[in-house]
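Worksheet: one structure, shown below.
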Amino acid sequence: MKSHDLTPDLVQQALSGDVSAQSRLVAALTPEIQWSVGKMLRRWRTGSAVTRDLRQEVEDMVQEVFLEIFEADGKVLRRWDPQRLPLNAYVGYIARIRTAEVLRSRRSPWRENPSPAEDLDRVSPRQNPEEKATIRDEMRKIYLCVVRGFQAAEFHLFEVLFVHQIPPKEAVEKTGRSLDAIYKWRSRLYERARKCKEFVADVQH
């Protein structure tokens, strides 16, 4: 099933208990959820989780995401606004947020000894492994602080501007926001990141 087939009608059918619609919806959303969860876990999983089978971790987390989507009579799914985001993008956002919640959990096995991540591996080669691990752990905590509380549209904008590094002028078309709104949001995000960095530094020291 293609993304344009993920219509509000299909969602309503699934929420009303149509087993066939539920099966089609789950099958169509699973690849997006797997990708979103896998991306988060590859970047942020730490400690004993590093040595475990990533495929199993992804599978477990995918189940968590589907529970999040369908629990309480599909409360999360009912909040989807097709005028703002395609369903696969919205569900991808939910998947990343749920994974981030697990990563933030005090009982999470991903909290210690950060694993190497290519996107964050910019520390000096002269630093020892312990110093590198400390820096990566700090960056992980800052990232989780920054994205906490994001709305779906904000997460989409964050990915467009910072993950995919698309210039603001090109982001206008991809996000549906004005150039001025994008610049203002980016400015607020920089300030938020600064405060998160200060907060993480205070906690660690």
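Only residues that are over 25 Å from Val91 (Cβ atoms) and outside any helix (DSSP H, G or I) were counted across the stretch 153-189, and they come to 2. The residues of the stretch 151-196 that are in contact (Cβ under 8 Å) with a residue 24 or more places away in the chain and in contact with a Pro (Cβ under 8 Å, 6 or more places away or on another chain), listed by number, are Leu161, Ile182, Arg186. Report whether or not Val200 is surrounded by 17 or more Cβ atoms within 10 Å (Cβ to Cβ), among the hydrophobic types (A, V, I, L, M, F, W, C), closer than 27 Å to Val102 by Cβ and modelled with pLDDT under 75. Yes: the conditions hold for Val200. Here is a check on your reading of the model: is Arg194 assigned to a loop (DSSP other than H, G, I, E, B), more than 16 Å from Met40 (Cβ to Cβ) and at pLDDT 70 or above? Taking the combined requirement at face value, the residue does not satisfy it.
Yes/no matrix, rows are residues, columns are (1) charged (D, E, K, R); (2) modelled with pLDDT under 80:
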{"residue": "Gln56", "(1), (2)": "no, yes"}
{"residue": "Met61", "(1), (2)": "no, no"}
{"residue": "Asp73", "(1), (2)": "yes, no"}
{"residue": "Asn88", "(1), (2)": "no, no"}
{"residue": "Asp119", "(1), (2)": "yes, yes"}
{"residue": "Gln127", "(1), (2)": "no, yes"}
{"residue": "Arg140", "(1), (2)": "yes, yes"}
{"residue": "Cys145", "(1), (2)": "no, yes"}
{"residue": "Gln151", "(1), (2)": "no, yes"}
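Of all the residues in the stretch 149-185, those that are closer than 20 Å to Ile97 by Cα and of a type outside the set (Val, Ile, Thr) number 15.
The values are calculated or read from the model by the stated rules, or taken from the named source; none is laboratory data. Worth saying up front: this structure is predicted, and the values here are computed from it rather than measured. Don't worry about glycine lacking a Cβ; one is built from the backbone with ideal geometry, like all the others, and counts go over all protein chains shown.
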